[in-house]
Amino acid sequence: MTVERRRIGDRQVHPVGLGCMNIMHSYGPPADEGEAKALLLRALDIGCDFLDTATIYGLGRSEELIGETLGKRRQEYFLASKCVLGFKEKQRTLDGRPEAIKAACEASLKRLRTDVIDLYYLHRPDPKVPVEESAGAMADLIREGKTRFYGLSEMGEDQLRRAHKVHPVAALQSEYSLWVRNPEIAVLDACRELGVAFVAFSPVGRGFLADPPADPASFHEADMRNVLFPRFADENYPANLPLLETARVVAGEAGCSVAQMAIAWTMAKGGHVLPIPGTRSIPHLEENHNAAKVRLTAEQVARLDAAFAPERAVGPRYTPAGQASVTTEMFDFEKARHGG
């Protein structure tokens, strides 16, 4: 089956990219670096040509690994990284000032061993800096040839439109899956209207949309799912498991795994949607990549939409602190839960 490539910036890429967060970050201790490098090489070898990393992942180590491993094959992939959410003296920082963005870009270019980053995101909104000022710095980097395009991450429609007026936004990235439907409130359609690619991270629900699904009892103590994502908590997770019944049925009909079905569902939501599942496993990498060949019917998509109606998810997407760090839209029932 021919896989239809999708546009991001001026490049047509394989529709399923690789999110490089959990190689060195977030779901426990860092991966074995030899295995991480093998994963990156295998990604290029199978035709995965859209890699997404960030300054904060592994405090720069994810970027370094990409530079060390793939630097000589730089022309084979579209490279995205992120700023604003960074680190200093091994502590997380949040700084959207123009001078901080430009300094972060210089550091990322060195770690990535490249002269230009294809897509550079504002990783999180900085409440102390208007998005227009940060977007102006991104436009400067594009004019200087250090980046080719810029994007926004975990921001809502208002900031998207404001930034887009300063300089066209190439991509908006946010969490989007059957389990997290918030982009459907506004930004998914706004991206379509403005010609902006929508990059869906965690399309497999951070391991929930799999068969078997992730088991919170097996999470490492350093796994951020233990503290940041209440849907995995003991009081919520068991009540979410029945949602998977329809997922398994549809995956069986489509002749694919549940994870592949979940990725294919995001792709069915618009030709401008590019999912970027992450993994440390080469078999899972290959499985995710082949999800681009799965075709769901309109009836199957509608059945999944109904089964995973947003209000059926048990527990909030983020803790209050996590929700306060983003400007993504919330459903009315979520606002009531958060008291806002």
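The values are calculated or read from the model by the stated rules, or taken from the named source; none is laboratory data. On a predicted model such as this, the values are computed, not experimentally measured, just so you know. Heads up, the Cβs are rebuilt from the backbone with ideal geometry, glycines too, and the neighbour counts pull from every protein chain shown. SASA here: full protein model, heavy atoms, side chains in, ligands and nucleic acids out. Shrake-Rupley method; radii C 1.70, N 1.55, O 1.52, S 1.80 Å.
Diffusion coefficient of the stretch 1-159 by Stokes-Einstein, Kirkwood radius over Cα pairs, 4 °C, 1.567 mPa s: 81 µm²/s.
State whether the stretch 152-197 is rounded, prolate or oblate according to the following rule on the C-alpha gyration tensor (a ≥ b ≥ c being the square roots of its eigenvalues): a/c under 1.5 gives rounded; otherwise a/b larger than b/c gives prolate, and the remaining case gives oblate.
Note, shape of the stretch 152-197 comes out prolate.
For Glu311, the accessible surface of its heavy atoms amounts to roughly 110 Å² (probe 1.4 Å, protein chains only, rounded to the nearest 10). For the pair the stretch 249-278 and the stretch 1-77, the centres of their Cα atoms are 20 angstrom apart. For Phe333 paired with Lys102, estimate the spin-label separation in nm (one decimal), with each label point 7 Å from Cα along the Cα-to-Cβ line. According to this spin-label approximation, the distance is 4.8 nm.
Stretching Ala186 away from Asn226 to a fully extended chain increases their span by 11.5 nm, per 0.36 nm per residue minus the current alpha-carbon distance.
Percent antiparallel among DSSP beta bridges with both residues in the stretch 5-134, to the nearest 5?
Roughly 45 percent of the beta bridges in the stretch 5-134 run antiparallel, per DSSP.
Assign one of three labels to the chain, namely rounded, prolate or oblate, based on the Cα gyration tensor with a ≥ b ≥ c the square roots of its eigenvalues; rounded applies when a/c is under 1.5, prolate when it is not and a/b is larger than b/c, and oblate otherwise. Here the chain falls in the rounded category.
Using packing as a proxy for protection, rank 257-268, 17-28, 216-227, 36-47 so that the peptide with the highest average count of other Cβ atoms within 10 Å comes first.
Ranked by mean Cβ neighbours within 10 Å, highest first: 257-268, 17-28, 36-47, 216-227.
A Cβ-based charge dipole, computed about the Cα centre of the stretch 2-83 with Lys and Arg at +1 and Asp and Glu at -1, lands at about 280 debye. Exposure check, 1.4 Å probe, all protein chains in place: Val131 carries approximately 10 Å² of accessible surface.
Overall, the anisotropy analysis places the stretch 193-333 in the rounded class: the square-rooted eigenvalues a ≥ b ≥ c of its C-alpha gyration tensor yield a/c less than 1.5. Subtracting the Cα-Cα distance of Glu68 and Glu253 from their residue separation scaled by 0.36 nm leaves 62.4 nm.
Of the residues Pro310, Val131, Asn240, the one whose Cα sits farthest toward the positive end of the charge dipole of the chain, with +1 on the Cβ of Lys and Arg and -1 on the Cβ of Asp and Glu, is Val131.
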